[in-house]
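Every number in this text was worked out from the coordinates using simple rules, so none of it is lab data. Quick caveat, the model's predicted, so the values are computed rather than measured. Cβ coordinates were reconstructed from backbone atoms using ideal geometry, including for glycine residues, and neighbour counts include every protein chain displayed.
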C-alpha cells in the first residue's frame, strides 16, 4: 500500500524557526512587534508543546504560542503583557487548569486553507490530553477600526455575532467558528494593536471531555459524512470537480473528520472518453488519474477534512485496478487496491 509524504505538517516549533516566525508575524500584524529571540526561546524552554507551527512543503507558514494558567488568575480583567509575562511566559503553570492562547500568525499567502482551524484543533487536542478545563483567548478585532467612530467595541462584537455588518471580522468570526464563546471585552489589552483600538474579545472554549481525576475518560467520537452522489451529465473534468467540491465544502462546514464518496466515483468521467468497447472506455479513465489525485489532495488540505475519494479505475503495469484513495488533510495520500478474485 504506497503512501506519500505529508505536505502539510503540524509540529512543535524549535529554535531554528525564529527567523521564519518573525517574518510571519511581521506580515500578519501591521503594528504589533514580533517576538524577540529571548522571548521566543523562553517560550520554547518553558512550554515547548504549546508552541505550534504549520509547515507546507517544508516551509513554515503559521505559528502560535500558548501557556497554561489558573483560570482564577486570569478570568477577569487583564492585559496581554500580564498574561504573557511580557512574552516570556515565565508564569506558565504546569498544574494549571486552563490553556491560554496568546498568539496565532498566518502567512497571508497561505490563508484560505484553514490553518487557524488546524492550530485550534491541535490546542484542543493538547487540552484534552492534559485534562484542562478550558482554553482562553483574547482575540483581536481588526475590523473594529472602521467602525470605532460609530459604535462601542461591545456593540461591534454583538453585531459580528448577529452577522448584521456588511464586512465580517475575519478574526472574531473564525474564533466563533471554532466553538469559542464571548466572555467580555478587554480594554487596553494590547495598545499597540491599533486596528483593534487596543481592545480584545475575551473568549472561552470549554473542554467537553474534562473530568475530575477519579472519573472515567470520555468516549472519543469521529464525525463521518457520506455523500449521496448523483451521476449528472458533464462535459469537462472541471464540472466533475465543481460537483465534488460542493460536498467537500459542506462537510467542512459541519466539521466532519472524514468525507466518504461512493465507489466508482469517477465513472462519471466516462462520458469524456467514450469508446466503442466498454472495456476500452474503462481503461481510458486512467487518463484522469493525475488530475484526480491532484484535485482531491488539494481539497483535503484546503477544507481540512480527510477525504475517501470513492474509487478510481487505474492502469498499472498494463493491468486495470479499482483503487480507493484516502486523501488526508495533511496532504498525504494512501491507496487501497480492491481485491480482484
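Hey, how much of the P(r) for the range 8-206 falls beyond 21 Å, as a percent of Cα pairs? When all Cα pairs of the range 8-206 are counted, 50 percent exceed 21 Å. Normalised by the number of residues in the range 8-206, the mean separation of alpha-carbon contacts (under 8 Å, six or more apart) gives a relative contact order of 20 percent. Scoring 32-39, 95-102 by mean Cβ neighbours within 10 Å over their residues and listing the highest first yields 95-102, 32-39.
Compared with the dominant principal axis of the Cα atoms in the chain, helix 153-162 is inclined by about 20°.
Counting 0.36 nm for each residue step from residue 49 to residue 109 and taking away their Cα separation leaves a gain of 19.0 nm. Gaussian network model of the chain, Cα springs within a sub-10 Å range: biggest mean-square fluctuation belongs to which of 272, 18, 260? The residue with the greatest mean-square fluctuation here is 272.
Here r is the Cβ-Cβ distance between residue 318 and residue 125 and R0 is 45 Å; the resulting FRET efficiency, rounded to 0.05, is 0.50.
Against the chain, whose longest principal axis comes from its Cα atoms, helix 115-129 is set at around 70 degrees.
The simple Förster model, with R0 at 51 Å and r as the Cβ-Cβ distance, assigns residue 275 and residue 161 a FRET efficiency of 0.35. Over the Cα atoms of the chain, the radius of gyration divided by the Kirkwood radius equals 1.05; this is the Rg/Rh ratio.
Mean sequence separation of contacting Cα pairs (under 8 Å, at least six apart), scaled by the length of the range 224-337, corresponds to a relative contact order of 26 percent.
Helix 237-253 and the longest principal axis of the C-alpha atoms of the chain enclose an angle of approximately 40°. Helical content alone sets the calculated 222 nm signal of the chain at -9000 deg cm²/dmol, taking -39,500 (n - 2.57) per DSSP H segment of four or more residues and averaging over every residue.
For residue 152 and residue 229, the difference between the fully extended length at 0.36 nm per residue and the C-alpha to C-alpha distance is 23.0 nm. Look at where the Cα atoms of the range 156-189 and of the range 247-309 average out, and the two centres are 37 Å apart. Counted over the range 224-337, the DSSP beta bridges are approximately 70% antiparallel. Between residue 294 and residue 33, the FRET efficiency estimated from the beta carbon spacing at R0 = 30 angstrom works out to 0.15. Roughly how far apart, in whole Å, are the Cα centres of the range 99-139 and the range 1-64? The range 99-139 and the range 1-64 have Cα centres spaced 13 Å from each other. The value of relative contact order for the chain, using C-alpha pairs under 8 Å at least six residues apart, is 15 percent.
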